[in-house]
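The values are calculated or read from the model by the stated rules, or taken from the named source; none is laboratory data. Bear in mind that the values here come from a model prediction, so they are computed numbers and not experimental data. Please note: Cβ atoms are built from the backbone with ideal geometry, for glycine as well, and neighbour counts cover all protein chains shown. All accessible areas refer to the heavy atoms of the entire protein, side chains included, with ligands and DNA or RNA removed. Shrake-Rupley method; radii C 1.70, N 1.55, O 1.52, S 1.80 Å.
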Amino acid sequence: MSKVYVFDHPLIQHKLTYIRDKNTGTKQFRELVEEVAMLMAYEATRDLPLMETTIETPVSPAKTKILAGKKLGVVPILRAGLGMVDGILNLIPSAKVGHIGLYRDPETLQPVEYYCKLPSDVAERDLIAVDPMLATGGSAAAAITFMKQRGAKNIKLMCLIASPEGVELVQREHPDVDIYVAAVDECLNDHGYITPGLGDAGDRLYGTK
Ligand code: PRP
Ligand code: URA
């Protein structure tokens, strides 16, 4: 069974409060999502391997550490996942970015795929799939399936807010994928929205409603 990490860092929780607030406008919402994604990426990359190196400081030689060159990839689930990418790339500029286009059919709540482009060496990369919302879990589970069908082997899922149902579905369908979230909310409402949640992440990021 995969692990679920809920980040309780005060900066993440503080910023999440303003992301949730309906009075937060598009510009600030976008900035906050990017900032929280960066802070979450910092926490989610704790297990990156290091190797020893020697450099010269202005004072003396120093044995020190650098990243062991693990290849990383970030895969936003369009469109709302795009809002998290730049924050992560601020920390990991060498990561490649793949894109998966999915939308949730408003009637059936089932995910519909319309685009998929992943790095050609996807099998060698540690991948972080990103989407602000893990609601029914259908979109994230389908995106992870597409990634695996194209050769991905090592995948983490990073979301701002999850529902218990979404976590359960992803864990059931992808027990090898650890889940990183800032909050697990109470439930889904009758329209499949996370409650209390933050509303429609795509609309709030891009001002489409
Ligand atoms: C939202 C969100 C997730 C999905 C979550 O996207 O960004 O991708 O819904 O719901 P689920 O867990 O029940 O599948 P949406 O379908 O609204 O598309 P958009 O990002 O293009 O607005
Ligand atoms: N998609 C969203 O953007 N928000 C939700 O609460 C559920 C699905």
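Descriptive notes on the structure:
- R0 of 41 Å, Cβ-Cβ distance LYS209-THR145: FRET efficiency to nearest 0.05: 0.90
- Modelled spin-label separation between CYS187 and GLN28, with each label point placed 7 Å from Cα along the Cα-to-Cβ direction: 3.1 nm.
- Rounded FRET efficiency, nearest 0.05, which uses the C-beta distance separating THR195 from GLU107 and R0 of 22 Å: 0.65
- Separation of the stretch 165-209 and the stretch 58-85, taken as the distance between their Cα centroids, equals 25 angstrom.
- With DNA, RNA and ligands ignored, accessible area of GLU124 (1.4 Å probe; Å², nearest 10): 110
- Å² of accessible area per residue within the stretch 103-198, as computed with a 1.4 Å probe and no ligands counted: 45
- Ranked by the mean number of other Cβ atoms within 10 Å per residue, highest first, peptides 169-175, 127-133, 153-159, 21-27 order as 127-133, 153-159, 169-175, 21-27.
- Kirkwood hydrodynamic radius of the stretch 4-206, from inverse mean 1/r over distinct Cα pairs, in Å: 17.5
- Extension gain for HIS14-ILE55 works out to 10.9 nm (0.36 nm per residue, less the C-alpha to C-alpha distance).
- The GluC sites (Glu not before Pro) of the stretch 38-123 that meet both conditions, a loop assignment by DSSP and at most 10 other Cβ atoms within 10 Å of the site Cβ, are GLU107.
- Checked against a 24 Å cut-off, the cross-linked pairs LYS71/LYS117; LYS22/LYS96; LYS15/LYS96; LYS3/LYS63; LYS27/LYS96; LYS22/LYS209 give Cα-Cα distances beyond that limit for LYS22/LYS96; LYS15/LYS96; LYS3/LYS63; LYS27/LYS96.
- Sequence of VAL97, VAL33 when ordered by accessible area, the most exposed leading, probe 1.4 angstrom: VAL97, VAL33
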